[in-house]
Amino acid sequence: MAKVVKFGGSSLASAEQFKKVGDIIRSDAERRYVVPSAPGRRFKKDSKVTDMLYACYDLAEAGREFREELSAIEARYQEIIAGLELSLSLDEEFGTIERNFREKAGRDYAASRGEYLNGIIMAAYLGFEFVDAAEAVLFDEDGSFNGERTNRALSARLAECRCAVVPGFYGAKPDGTVKTFSRGGSDITGSIVAKAVHADVYENWTDVSGILVADPGIIDNPKGIDIVTYRELRELAYMGFNVMHEDAIFPVRQEGIPINIRNTNSPEDNGTWIVASTCQKSKYVITGIAGKKGFCCVNIEKDKMNSEVGFGRKVLQAFEESEISFEHVPSGIDTMTVFVHQDEFIHKEQKVAASLYRLAKPDSIEIESDLALIAVVGRGMKATRGTAGRIFSALSHVNVNVKMIDQGSSELNIIIGVTNDDFETAIKAIYDIFVLTKL
Ligand code: ASP
């Protein structure tokens, strides 16, 4: 049995946090493969080491002096080493880093040192083997991640170690140049390692006890989600849930390895399980409510539209010509509405309207702005009658006008369009009816 445990920056920001992480790993012998991030913020106005590295390297690249900035980074690591009472020196490593910065080794190399050094400390602290991600997380020449080669190399390398630390966020191209994933990419490394060792679970440790049913910025103390499927999570993430790096789902999903989101500061909490499928019902029919503001809708009207073959294609072509992707397209007999992102659309509005008149020859076009979309997501909706009815009666009770309704054929989600002004009220009403009153 093997568990892969990834710890985010806030879990590794200080020696005190490192000790919590050490306790978590030592409390379960199956936690054999560890993926650390770089040290994050210790307090609200603190800096993340990754940001400090980027800033320091920018000075180096501009040919300016950067020693002071590099010393501040070194101090962050020294504080951790001293707090853990390790007899470990990073002097040589910092000498190499300084030299490489002067030789302009690249921004990716610079940023990657955050997890690299944290990995060295973590391995020393736990007595685990250190495996440099540059050895086995492989990118192609053009900078794209090569999943197959990585899986082969990483499986073979980790088969040699009973316990190992693999720093997150980076790998290397065939010529050895360091390449990072996008920000937050240690989540991806954790997932890749879990796949390579055929882990039983990928534990992703952070500073919250799992995923919440709704945004805590809108709902006071929202309930947590115990279990969510990959597909549900994808719907929620798309509509604004910020859980983990989007690309981190794919490697484990291919293998059906569950992800468990846990809280380093509250390890007794079960957190949230993200799984391929489950027969466990979610507590409240719905699993989560997510949403985004800032949409526009374009209403296109044309008599006898329903019998004109190809009308939909012409409408969508008008958007395609301006390189605008659409979100939803609800339609009636003689109307079709296209929802688009306002900030993308606003500059191209007249161009799209002209294309629509040219291609689709509508009777009229009307544009409405400042709309929001809300996704009510839940695998439980399929087996429950009246979910849509409950949503709309809740919304009418709080006087929210529903502009659009779209239910996917999978019955996994219902999308509702409202005005930006009604967004928070609508989310509160939906949360109340399903989670608080459980009617
Ligand atoms: N340290 C990197 C960042 O701040 C990667 C990560 O933490 O996942 O984005």
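The values are calculated or read from the model by the stated rules, or taken from the named source; none is laboratory data. Just so it is clear, the model here is predicted, and its values are computed rather than measured. Cβ coordinates were reconstructed from backbone atoms using ideal geometry, including for glycine residues, and neighbour counts include every protein chain displayed.
Would you mention how many residues in the range 62-82 are surrounded by 14 or more Cβ atoms within 10 Å (Cβ to Cβ), part of a helix (DSSP H, G or I) and touching a residue at least 24 places away in the same chain (Cβ under 8 Å)?
Residues that pass the stated criteria total 7.
May I ask you to list the residues in the range 167-181 that are closer than 11 Å to Phe145 by Cβ and within 8 Å of the ligand (Cβ to nearest atom)?
Thr180, Phe181
Would you check if there is a residue in the range 26-39 being of a type outside the set (D, E, K, R), out of contact with any helix residue (DSSP H, G or I) (no Cβ under 6 Å at 6 or more places or on another chain) and either part of a helix (DSSP H, G or I) or closer than 20 Å to Ser209 by Cβ (or both)?
Yes: one or more hits.
Against the conditions (1) touching a residue at least 12 places away in the same chain (Cβ under 8 Å); (2) more than 30 Å from Arg64 (Cα to Cα), where does Gly114 fall short? Just the number, please.
(2)
Among the residues of the range 239-285, what is the count of those that are surrounded by fewer than 17 Cβ atoms within 10 Å (Cβ to Cβ) and of a type in the set (S, T, N, Q)?
8
Go through Ser37, Ser47 for me and flag whichever is modelled with pLDDT of 95 or more and closer than 26 Å to Ile192 by Cβ.
Values: Ser47 fails: closer than 26 Å to Ile192 by Cβ.
Being modelled with pLDDT of 95 or more and closer than 26 Å to Ile192 by Cβ holds for just one of Ser37, Ser47, which is Ser37.
Mind checking which pairs have a first residue in the range 357-375 that is touching a residue at least 24 places away in the same chain (Cβ under 8 Å) and surrounded by 16 or more Cβ atoms within 10 Å (Cβ to Cβ) and a second that is aromatic (Phe, Trp, Tyr) and not in a helix (DSSP H, G or I), Cβ under 9 Å, 6 or more apart or different chains?
Between residues of the range 357-375 that are touching a residue at least 24 places away in the same chain (Cβ under 8 Å) and surrounded by 16 or more Cβ atoms within 10 Å (Cβ to Cβ) and residues that are aromatic (Phe, Trp, Tyr) and not in a helix (DSSP H, G or I), the close pairs are Leu371/Phe295; Leu371/Phe339; Ala372/Phe295; Leu373/Phe295; Leu373/Phe339.
Select, from Ser209, Ser186, the only residue that is under 21 Å from Leu138 (Cβ atoms) and either touching a residue at least 24 places away in the same chain (Cβ under 8 Å) or buried (at least 16 other Cβ atoms within 10 Å of the Cβ) (or both). Can you show your working first?
Values: Ser209 fails: under 21 Å from Leu138 (Cβ atoms).
Result: Ser186 is the single residue among Ser209, Ser186 that is under 21 Å from Leu138 (Cβ atoms) and either touching a residue at least 24 places away in the same chain (Cβ under 8 Å) or buried (at least 16 other Cβ atoms within 10 Å of the Cβ) (or both).
Of the conditions (1) under 28 Å from the mean Cα position of the chain (by Cα); (2) surrounded by 13 or more Cβ atoms within 10 Å (Cβ to Cβ); (3) free of Cβ contacts under 8 Å to residues at least 60 places away in the same chain; (4) not in a strand (DSSP E or B), Val402 satisfies every one except a single condition; which number is it?
Failing condition for Val402: (1).
How many residues does the range 216-258 hold that are without any contact (Cβ under 8 Å) to a residue 60 or more places away in the chain, under 14 Å from the mean Cα position of the chain (by Cα) and under 22 Å from Lys3 (Cα atoms)?
Qualifying residue count, the range 216-258: 6.
Can you confirm whether the range 146-161 contains a residue that is out of contact with any Leu (no Cβ under 9 Å at 6 or more places or on another chain), more than 16 Å from the ligand (Cβ to nearest atom), in a loop (DSSP other than H, G, I, E, B) and closer than 25 Å to Ser27 by Cα?
Among the residues of the range 146-161, at least one is out of contact with any Leu (no Cβ under 9 Å at 6 or more places or on another chain), more than 16 Å from the ligand (Cβ to nearest atom), in a loop (DSSP other than H, G, I, E, B) and closer than 25 Å to Ser27 by Cα, which makes the answer yes.
So that you can scan it fast, the table gives a plain yes or no per residue for (1) closer than 20 Å to Thr180 by Cα; (2) within 16 Å of the ligand (Cβ to nearest atom); (3) under 27 Å from the mean Cα position of the chain (by Cα); (4) of a type in the set (Ser, Thr, Tyr):
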| residue | (1), (2), (3), (4) |
| --- | --- |
| Ala13 | no, yes, yes, no |
| Gln17 | no, yes, yes, no |
| Arg31 | no, no, yes, no |
| Arg42 | no, yes, yes, no |
| Arg64 | no, no, no, no |
| Glu93 | yes, no, no, no |
| Arg113 | yes, yes, yes, no |
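Any residue that is assigned to a helix (DSSP H, G or I), surrounded by fewer than 14 Cβ atoms within 10 Å (Cβ to Cβ) and more than 28 Å from the chain's Cα centre (by Cα) - is there at least one of those in the range 49-59?
Within the range 49-59, none of the residues are assigned to a helix (DSSP H, G or I), surrounded by fewer than 14 Cβ atoms within 10 Å (Cβ to Cβ) and more than 28 Å from the chain's Cα centre (by Cα).
Of the conditions (1) free of Cβ contacts under 8 Å to residues at least 24 places away in the same chain; (2) away from the ligand (no atom under 14 Å from the Cβ); (3) hydroxyl-bearing (Ser, Thr, Tyr); (4) closer than 26 Å to Gly190 by Cβ, Ser47 fails just one. Which one is it?
With (1) free of Cβ contacts under 8 Å to residues at least 24 places away in the same chain; (2) away from the ligand (no atom under 14 Å from the Cβ); (3) hydroxyl-bearing (Ser, Thr, Tyr); (4) closer than 26 Å to Gly190 by Cβ applied to Ser47, the lone miss is (2).
Just to verify a result, which residue in the range 240-260, among those that are away from the ligand (no atom under 14 Å from the Cβ), touching a Phe, Trp or Tyr at 6+ places or on another chain (Cβ under 8 Å) and not in a helix (DSSP H, G or I), is farthest from Val208 (Cα to Cα)?
Here is the first cut: in the range 240-260, the ones away from the ligand (no atom under 14 Å from the Cβ) are 240-241, 249-260.
So of that shortlist, the ones also touching a Phe, Trp or Tyr at 6+ places or on another chain (Cβ under 8 Å) come out as 249, 252-253, 257-260.
Filter once more, keeping what is not in a helix (DSSP H, G or I): 257-260.
Working: Ile257: 21, Pro258: 18, Ile259: 15, Asn260: 12 Å.
So the residue we want is Ile257.
Of the residues that sit in the range 409-423 and are touching a Gly at 6+ places or on another chain (Cβ under 9 Å) and assigned to a helix (DSSP H, G or I), which one is nearest to Gly294 (Cα to Cα)?
So the residue we want is Asn420.
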